[in-house]
Amino acid sequence: MKALNFKHFAFILLAIFAAVSVTSCSKDHDHDGTGHVHVYFTNKYDGAAQTSTATYTGTNGRDFKITTNNYYISNVRLVDHDGAEVPFTGQYLLAKTGENNELELEGIAAGHYHHIRFDVGIDSVTNHSDPSTYASTSPLAPTTPSMHWSWNSGYIFYRIEGLVDTSAAKNGTVDGAWEMHLGTDSKLASVELDIDLEISEGSHPGLNITMNTEDLFTNIDLGGADIATHTMDNMPLANKLKANIAAAFTVE
Amino acid sequence: MIKGKVIFGSILFLVLFSTSCKPVEDDLLDRPYNLVLPAGFPTMSIPADNQLTEVRIELGKMLFFDKALSRDSSVSCGSCHLQSHAFSDVVNISSGIEGRKGMRNSPPLFNLGYHPYFFFDGGVPTLELQVLAPVQDVNEMDHEFPFAVQRLAQNPAYQKMAQIAYKRDFDAFVLTRAIGAFERTLVSGNSTYDKYNNGNSSALNESAKRGLALFTSERLSCSGCHSGFNFTDYSFQNNGLYLQYPDSGRMRVTTLPEDRDKFKVPSLRNIALTAPYMHDGSIATLPEVVEHYNNGGAANPNKDPRIKPLTLTSQEKSDLLEFLYSLTDNDFITNPDYAP
């Protein structure tokens, strides 16, 4: 949904650089030789759009719902054919279920890109900044439901919660609350995906990335000790969630 | 000091007549505020984005006492932080909205501009960030922050003051900055002890003088932790309240076992006004606190070695108490600048 350019300046520099390096071999001197990419993040469950009303059944047979599935994407980089990273620093996306979670990467030099890398969470400097200093349109501003811990100042990188059947008989009564709030500097999760992206001057292809929510629950029971974490109060569960993040994203 | 009523009056005037009058230069209305610090206090570092001005402070005070911050408009900051008790509360655990109870005692609020971090576990680094906590805490004001900001932004007086003080619409920045500005003016340093310390050798009676000597003695080591002009070194320590604490204190934000059951050393200024004591309000009176230290506390694995049986005589106990009573600053609790 909301994307933000803090370091517009860096992009301009990058664009100039790209323009200079491209003009020497380009026939078209009216353009800067770059393209851009629209990256979309979609929350799914078993291949279909994840919704807050659907009831899902975990691998352990427990029924549950996912009412909130929000996370930050940051530190996006494209990797070119030489293995060099093109960074898009200062761009943050707060992705949510059912929203058009779009991140626009601009000023990309023409060429072929083989990987996209990004972090789920917020870098350690920005993580300790003050949400009230950002414009209310920024994904880093105070929002609802809150993506920031006020008692241990820092952002919530991943906020996923809902209701679950807590009955011993697993009789399908989905009425117990579960929640996992992942944060703190050491819980930043790095993701790398293979892509086949061709950028030419003026092109603006889309790149669809899926969050396969079912993969977040690998080794997580949503019962007993696995029913809630706010990271500090249940590190084992927080670590399991963090470990599941990288493999949960795929490119369509 | 703050000319609260005058400023508020002129703002009301502006709000009422701004449409009909010739526009007034907003810059003329706000003035830098000169924070007067007590003798012997170090300079206070004030963030560049929140230098003190009269309208900022006045706005912050109005917000501090405004119940509209809480979801059901029933609780203000001032509900748990009472000026008559140096901005602490009289109960062990304060009530938030709907009578909800959190887990910690409301600490007093003064000399906050000197704190390196806030809360008993030190989890919040600035006064401005601190404002986010009570507003959103389910047991305090239970209000989504953007909703609280939206509600307050409808108040025309707040909008006008935001423009004058911060040159922007009322928003999260204005809310957190204005409250922070007001809080930095809550300076307390005019106790009987301060008068003595600043050269009036007869301000303390003989008993309090003996108590001061005990307080700073190696035998009692109180000033090992409760040190400096604000009677705290802000370190995290365990003073042996329990063998096992229900609240893990500093460990809650660091997860380090060596931080288990450690709490930020509190200031002892105005201590006679801030009962009940300790992070959970578990000790009701000052004589009982002295008794706790005299007994040496529970054998918690993280207890500081300076907390050990002291074998104080009853004369020594009353001398120590007499000194603690001398830390009360009556001007602070009666200062009209801090009242709504």
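Structure values in brief
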{"read-out": "Where B:V138 falls short, out of the listed (1) within 14 Å of chain A (Cβ to nearest Cβ); (2) out of contact with any helix residue (DSSP H, G or I) (no Cβ under 8 Å at 6 or more places or on another chain); (3) without any contact (Cβ under 8 Å) to a residue 12 or more places away in the chain; (4) not in a helix (DSSP H, G or I)", "value": "(3)"}
{"read-out": "Residues of the stretch B:267-289 that turn out to be among the polar types (S, T, N, Q) and either surrounded by fewer than 21 Cβ atoms within 10 Å (Cβ to Cβ) or free of Cβ contacts under 8 Å to residues at least 24 places away in the same chain (or both), as a count", "value": "2"}
{"read-out": "The listed residue being within 15 Å of the chain's Cα centre (by Cα) and within 25 Å of A:G121 (Cβ to Cβ), out of A:G90, A:G107, A:G58, A:G83", "value": "A:G90"}
{"read-out": "Search result, residues across the stretch A:133-151 that are within 7 Å of chain B (Cβ to nearest Cβ), assigned to a loop (DSSP other than H, G, I, E, B) and hydroxyl-bearing (S, T, Y)", "value": "A:S136, A:T143, A:T144, A:S146, A:S150"}
{"read-out": "Count - residues of the stretch A:76-110 that are surrounded by 16 or more Cβ atoms within 10 Å (Cβ to Cβ) and outside any strand (DSSP E or B)", "value": "6"}
{"read-out": "Residue that is farthest from the chain's Cα centre (by Cα) [pool: residues in the stretch B:142-153 that are surrounded by 17 or more Cβ atoms within 10 Å (Cβ to Cβ) and within 11 Å of chain A (Cβ to nearest Cβ)]", "value": "B:A153"}
{"read-out": "Residue that is farthest from B:V91 (Cα to Cα) [pool: residues in the stretch B:101-115 that are touching a Gly at 6+ places or on another chain (Cβ under 8 Å) and away from chain A (no Cβ under 14 Å)]", "value": "B:N111"}
{"read-out": "Where a residue in the stretch B:30-50 is closer than 14 Å to B:R184 by Cα and its partner, wherever it lies, is of a type in the set (G, A, S), with Cβ under 6 Å and at least six apart", "value": "B:P38/B:G189; B:F41/B:G189; B:M44/B:G113; B:N50/B:G180; B:N50/B:A181"}
{"read-out": "Criterion: charged (D, E, K, R) and within 14 Å of another protein chain (Cβ to nearest Cβ) - qualifying residue of A:D194, A:D130, A:D175", "value": "A:D130"}
{"read-out": "Selection count where residues are more than 10 Å from chain A (Cβ to nearest Cβ) and either assigned to a loop (DSSP other than H, G, I, E, B) or polar (S, T, N, Q) (or both), scope the stretch B:116-133", "value": "2"}
{"read-out": "Counted residues, the stretch A:25-69 - those being at pLDDT 95 or above, over 27 Å from A:L193 (Cβ atoms) and in a loop (DSSP other than H, G, I, E, B)", "value": "2"}
{"read-out": "Some residue of the stretch A:199-219 being away from chain B (no Cβ under 14 Å), in contact with a Pro (Cβ under 9 Å, 6 or more places away or on another chain) and farther than 29 Å from B:V135 by Cα", "value": "yes"}
{"read-out": "Unique match (being free of Cβ contacts under 8 Å to residues at least 24 places away in the same chain and crowded, with 17+ Cβ neighbours inside 10 Å) among B:T192, B:T232, B:T254", "value": "B:T254"}
{"read-out": "Complete set of residues in the stretch B:83-95 that are in contact with a Pro (Cβ under 8 Å, 6 or more places away or on another chain), surrounded by 16 or more Cβ atoms within 10 Å (Cβ to Cβ) and at negative phi", "value": "B:H85, B:S88, B:N92"}
{"read-out": "Flag if B:D137 is farther than 24 Å from B:D49 by Cβ and either surrounded by fewer than 23 Cβ atoms within 10 Å (Cβ to Cβ) or among the β-branched types (V, I, T) (or both)", "value": "yes"}
{"read-out": "Selection within the stretch B:88-115 - under 13 Å from B:S267 (Cα atoms) and part of a loop (DSSP other than H, G, I, E, B)", "value": "B:P107, B:P108, B:L109, B:F110, B:N111, B:H115"}
{"read-out": "Hits in the stretch A:152-172 (condition: within 23 Å of A:N69 (Cβ to Cβ) and within 13 Å of chain B (Cβ to nearest Cβ))", "value": "A:N152, A:G154, A:Y155, A:I156"}
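The values are calculated or read from the model by the stated rules, or taken from the named source; none is laboratory data. All values reported here derive from a predicted model rather than from experimental measurement. Because the Cβ atoms are built from the backbone with ideal geometry, glycine has one as well, and the counts that use them run over all protein chains shown.
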